[in-house]
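Student: Dropping a structure here in structure tokens format, bear with me for questions.
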Amino acid sequence: MSKKTAIITGGAGYIGSSIAKRFAEQGMQVILFDCNQQQLDKISSETGAMGMVVDVTDYAAVSEAVESVRTQYGTIDILVNVAGGSARSEIRPFALQKMEVIHQVIEMNLYGSLHCIRAVAPFMIEQQSGVIINFSSAVALGGIVGCADYGASKGAIIAATKSLAMEFGQYNIRVNCVCPGKVQRPDAQPADVEGFVKRYTYLNTLANAEDVADLVEFLASEKARCITGQNYVIDNGRSLGLRGDKNRTDC
């Protein structure tokens, strides 16, 4: 049986690299799209994955890279759209936000994912199989002040996932979405994590990249063969609202 081929965008990042390691352990041929050459080299050396410098906001570059992967490996079985982010240094009230920042955030999160899906879809349709896993955010579910552009871009990913699942199902292509909340990073300050956990979560902990990789691994596997068009929230209960006092009974 030939190896499955998986493309992971944002593959050099914290979450993307964890997924890459997980897929590589399963014997998949893993291809990482990212703009960070140095990090790509590092993750590639650790996992055996192939790193490609690709700007997902550039459809021509994405299309060329996907064509190269298909030519070299014959199939594209899995696409995981992790690439994205918010303009954290530019967060401000929407009425004061720069239009170039709004466009940048939407291009990075929404267009980037759509570009990659559009590029791989013809190949998956031709082979009559495939798995696409998109990444949204808990911000798309509950909103956050100063991040309307980010929330809009991530909310659109959830909507696109549902429509694409309907459209691609006839070709045995499954499309699902992962919706993380705050993910604990190795460089996080313990006091900051503790404060966030106490205020926003119900499980008294934060998910890490390995937890997210567990979910992606499941959705990419045959164990999830009947699951499509779904949005999986992994946020330790954050989307339930502020924790407040859980013991109050005066409703």
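Student: Mind listing the phi-derived Karplus ³J(HN,Hα) values for region 47-54, rounded to whole Hz, using 6.51, -1.76 and 1.60 with θ = phi - 60°, and x for any glycine or proline?
Tutor: 10, x, 6, 9, x, 10, 6, 9
Student: Applying a 10 Å radius around every beta-carbon, put 63-75, 135-147, 12-24 in order of their mean neighbour count, most first.
Tutor: Values: 63-75: 16.2, 135-147: 19.7, 12-24: 23.5.
So the peptides 63-75, 135-147, 12-24, ranked by packing, come out 12-24, 135-147, 63-75.
Student: Please give the FRET efficiency for Glu126 paired with His103, using the beta carbon to beta carbon distance and R0 = 45 Å, rounded to the nearest 0.05. Before the final figure, lay out the partial values.
Tutor: Values: r = 33 Å, r/R0 = 0.74.
Plugging the Cβ-Cβ distance into 1/(1 + (r/R0)^6) gives 0.85.
Student: Under a point-charge model restricted to the Cβ atoms of Lys and Arg (+1) and Asp and Glu (-1), what is the dipole moment magnitude of the chain relative to its Cα centre, in debye to the nearest 20? Can you show the working numbers first?
Tutor: Details: 23 positive and 26 negative charges, 133 e Å.
It works out to roughly 640 debye.
Student: Given Cα pairs under 8 Å that are at least 6 residues apart, what percent is the relative contact order of region 174-225?
Tutor: On the way: 24 pairs, mean separation 22.8, N = 52.
Relative contact order comes out at 44 percent.
Student: With unit charges on the beta carbon (Lys/Arg positive, Asp/Glu negative), name the residue among Ile43, Gly10, Phe196 whose Cα is farthest towards the positive pole of the charge dipole of the chain.
Tutor: Of the candidates, Phe196 comes out farthest on the positive side.
Student: Could you sort 96-103, 228-235 so that the peptide with the highest average Cβ count within 10 Å comes first and the rest follow in order? Don't skip to the end; give the middle numbers.
Tutor: Numbers: 96-103: 12.6, 228-235: 18.4.
The most tightly packed comes first, giving 228-235, 96-103.
Student: On the first, second and third principal axes, largest extent first, how far apart are the outermost C-alpha atoms of region 3-62 in Å?
Tutor: 30, 22, 16
Student: Name the residues whose placed amide hydrogens come within less than 5 Å of the amide hydrogen of Val175, ignoring near sequence neighbours (fewer than 5 apart) on the same chain.
Tutor: The answer is Ile132, Gly229.
Student: Quote the FRET efficiency, to the nearest 0.05, computed for Ser221 versus Gln170 with a Förster distance R0 of 25 Å and r equal to the Cβ-Cβ distance. Can you show the working numbers first?
Tutor: Details: r = 21 Å, r/R0 = 0.86.
Approximately 0.70, to the nearest 0.05.
Student: Relative to the first principal axis of the alpha-carbon coordinates of the chain, what is the inclination of helix 112-127, with its axis defined by its Cα atoms, in degrees from 0 to 90 and to the nearest 10?
Tutor: The angle comes out at about 40 degrees.
Student: About the Cα centre, and with charges only on the beta carbon of Lys, Arg (+1) and Asp, Glu (-1), how big is the dipole of region 104-251? Nearest 20 debye, please. Write out the running numbers ahead of the final one.
Tutor: Working: 14 positive and 15 negative charges, 70 e Å.
For region 104-251, the charge dipole is close to 340 debye.
Student: Please compute the contact order of the chain in relative form: average sequence separation of alpha-carbon pairs under 8 Å and at least six residues apart, divided by the residue count, as a percent.
Tutor: Computed value for the chain: 18 percent relative contact order.
Student: For region 5-240, I need the span (max minus min coordinate) of the C-alpha atoms along each principal axis, in Å, sorted largest to smallest.
Tutor: 48, 38, 37
Student: Using a Förster distance of 25 Å, how high is the FRET efficiency between Lys198 and Gln230, based on the Cβ-Cβ distance and rounded to 0.05?
Tutor: Numbers: r = 30 Å, r/R0 = 1.20.
That pair, Lys198 with Gln230, gives E of 0.25.
Student: Moving to a separate point now. As I understand it, the dipole of the chain uses +1 on the Cβ of Lys and Arg and -1 on the Cβ of Asp and Glu, about the Cα centre. Which of Ser239, Ala24, Val82 lies farthest toward its positive end?
Tutor: Ranked along the dipole, the leading option is Ser239.
Student: Using θ = phi - 60° and the Karplus relation 6.51 cos²θ - 1.76 cosθ + 1.60, list the HN-Hα couplings for region 222-227 in order, rounded to whole Hz, with x at every Gly or Pro.
Tutor: Once θ is set to phi - 60°, the couplings for region 222-227 become 5, 5, 9, 5, 9, 10 Hz.
Student: Give me, ordered by chain and number, the residues 5 or more places off Ile234 or on other chains with an amide H under 5 Å from its own placed amide H.
Tutor: Cys179, Gly181
Student: Turning to a different aspect of this structure: Take Glu64 and Arg92, extend 7 Å from each Cα along the Cα→Cβ direction, and tell me the distance between the two endpoints in nm.
Tutor: 3.5 nm
Read-outs: derived from the displayed coordinates by stated rules, not from any lab. In this text the structure is predicted, and so the values were computed from the model without any measurement. Quick reminder, even Gly has a Cβ in these numbers, built from the backbone with ideal geometry, and neighbours come from all protein chains shown.
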